[in-house]
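Colleague: What follows is a structure written as C-alpha cells; I'll ask about it next.
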C-alpha cells in the first residue's frame, strides 16, 4: 500500500494536537494563508504536491488567517502566505511571501527531505544560469535516465533549447509532453515563448523596426512588432517600454493588443522570475486604474 500525504486544515482548537503534537515525530510545515489569495493558493498547492511526493516525511498544516485570529496574534503573522516549520514544539524556520517549487524543495532539503533526480535537475538549472549550458544538458540527460517519468526535466530541457536558439528541438520536445504539462504554469510559459519566437520571425526584423520607430515614434504597428522581437531575445525591459507606450497612448490599438501582450508576457515570466512579473503586473494595474 502506498503511503499517503499528511495534510491537515488546522484551527485554533486543533493546532496543539496536529502541529505541536506531531512536531516531535516529523517536521510540521504550517502555512498561514488566505483562501482568496493567489500567492497563498499557489504556495499551498506546491507544498501539497510535495507532501504527496514525500509522503509521511513531513506534515503540512494549513491555517486560514481569517478564521484563526488568535493564532495570527500568537505567531505574529503580518503577511500571507507565511510558512512556519515546527520541530519539537517550536517554530524553527519562518518564511514570508510566496514560495516557488524550487525554493520549497530547498527548504525541504534542509530537513534531509530530497529527491536525487530533482537535485540533479536543480543543479542543471543552476549550471545553465551560470552559462555552463553544455554541462546543464548533460545533467538533465542523467536526470531523465534516473527518472524517465519526471516531466519537469523535459520542461527544463525545452527552456534550455529556447535559450540557445534551438527552436525546432524545443518545439519537438514540447509537443511530446503530456497535455497536463503543456497546460501547467511552466508549460504555458514555454508555449508563450515559442509563440513569440514564431511571431517575431514573421516581422520585418528588429533593426528595421527600430529604424521605423526612430522616424515615426507613433507607428504603433512597428512598436508592437518591435516588442515581439525584443521579447524573443529576452530583452523584456525594452519590450515592455514599447507595449506600455502603446497602452498609454493608444489603448485600443488592435482591440487592446498591447494590454493582452503585456498580460501574456507577465504570465510567461512568472514561473522563473516572479519579481519581474509582479513589477510589471503592478505597473499595468496602475495604468489601467487611471
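The numbers here are math on the coordinates, done by the rules we state, and not lab data. Since we're looking at a predicted model, the values are computed, not measured. No Cβ is skipped: glycine too gets one built from the backbone with ideal geometry, and neighbour counts run over all protein chains shown.
Colleague: For region 78-224, what ratio Rg/Rh do Cα atoms give with a Kirkwood hydrodynamic radius?
Modeller: Computed over Cα atoms, the ratio is 1.11.
Colleague: To continue, here is another question. Can you compute the FRET efficiency between residue 53 and residue 251 using 1/(1 + (r/R0)^6), with r the Cβ-Cβ distance and R0 = 51 Å? Round to the nearest 0.05.
Modeller: Efficiency, from the Cβ-Cβ distance: 0.70.
Colleague: In addition: GNM on the chain, C-alpha springs below 10 Å: top fluctuator among 246, 164, 262?
Modeller: It is 164.
Colleague: Give the residues of region 227-263 whose amide nitrogen is closer than 15 Å to a point set 7 Å from the Cα of residue 289 in the direction of its Cβ.
Modeller: Answer for this model: none.
Colleague: Using the Kirkwood radius built from alpha carbon pairs, what does the Stokes-Einstein equation give as D for region 200-288 at 4 °C and 1.567 mPa s, in µm² per second?
Modeller: So the translational diffusion coefficient is about 99 µm²/s.
Colleague: May I pose another question? With axes computed from alpha carbons, what is the tilt in degrees of helix 236-249 against the longest principal axis of the chain, rounded to the nearest 10 within 0 to 90?
Modeller: 70 degrees
Colleague: Per the helix-only calculation at 222 nm, which mean residue ellipticity applies to the chain, given -39500 (n - 2.57) for every DSSP H run of n ≥ 4 and division by its residues, nearest 500 deg cm²/dmol?
Modeller: Result for the chain: -17500 deg cm²/dmol, rounded to the nearest 500.
Colleague: Under 10 Å, Cα contacts only: if you run a Gaussian network model on the chain, which one of 72, 158, 30 comes out with the highest mean-square fluctuation?
Modeller: 72
Colleague: Compute for the chain: radius of gyration divided by Kirkwood radius, i.e. Rg/Rh, restricted to C-alpha atoms, rounded to two decimals.
Modeller: Reported Rg/Rh (Cα atoms, Kirkwood Rh): 1.04.
Colleague: Over the chain, with a Gaussian network built from C-alpha contacts below 10 Å, which listed residue (101, 166, 67) shows the highest mean-square fluctuation?
Modeller: 67
Colleague: With a ≥ b ≥ c the root eigenvalues of the C-alpha gyration tensor of region 116-180, is it rounded (a/c under 1.5), prolate (a/b larger than b/c) or oblate?
Modeller: Note, shape of region 116-180 comes out oblate.
Colleague: What do you get for the angle between helix 257-269 and the principal long axis of the chain? Use alpha-carbon atoms, 0 to 90 degrees, nearest ten.
Modeller: Result, in degrees: 40.
Colleague: Would you mind calculating the gained length between residue 4 and residue 172 on full extension (0.36 nm times residue separation, minus the Cα-Cα distance), in nm to one decimal?
Modeller: Full-extension gain reported as 56.9 nm.
Colleague: Could you list 195, 36 so that the one with the fewest beta carbons within 10 Å of its beta carbon is first and the one with the most is last?
Modeller: 36, 195
Colleague: Antiparallel as a % of all DSSP beta bridges within the chain, to the nearest 5?
Modeller: Approximately 50 percent, going by the DSSP bridge assignments.
Colleague: Run through all the Cα pairs of region 6-109 and give the fraction in each 5 Å bin from 0, expressed as whole percent.
Modeller: With 5 Å bins starting at 0, P(r) equals 3, 14, 27, 28, 20, 8, 1.
Colleague: I've got another one for you. Sequence gap at least 6, Cα distance under 8 Å: using those rules, report the relative contact order of region 6-109 to the nearest whole percent.
Modeller: Once normalised by length, the contact order is 36 percent.
Colleague: Please work out the FRET efficiency for the pair residue 146 and residue 185, using the Cβ-Cβ distance as r and a Förster radius of 35 Å; give the result to the nearest 0.05.
Modeller: Computed FRET efficiency for residue 146 and residue 185: 0.90.
Colleague: Using only Cα atoms and rounding to the nearest 10 degrees, what angle (0 to 90) does helix 206-215 make with the longest principal axis of the chain?
Modeller: Roughly 60 degrees, rounded to the nearest 10.
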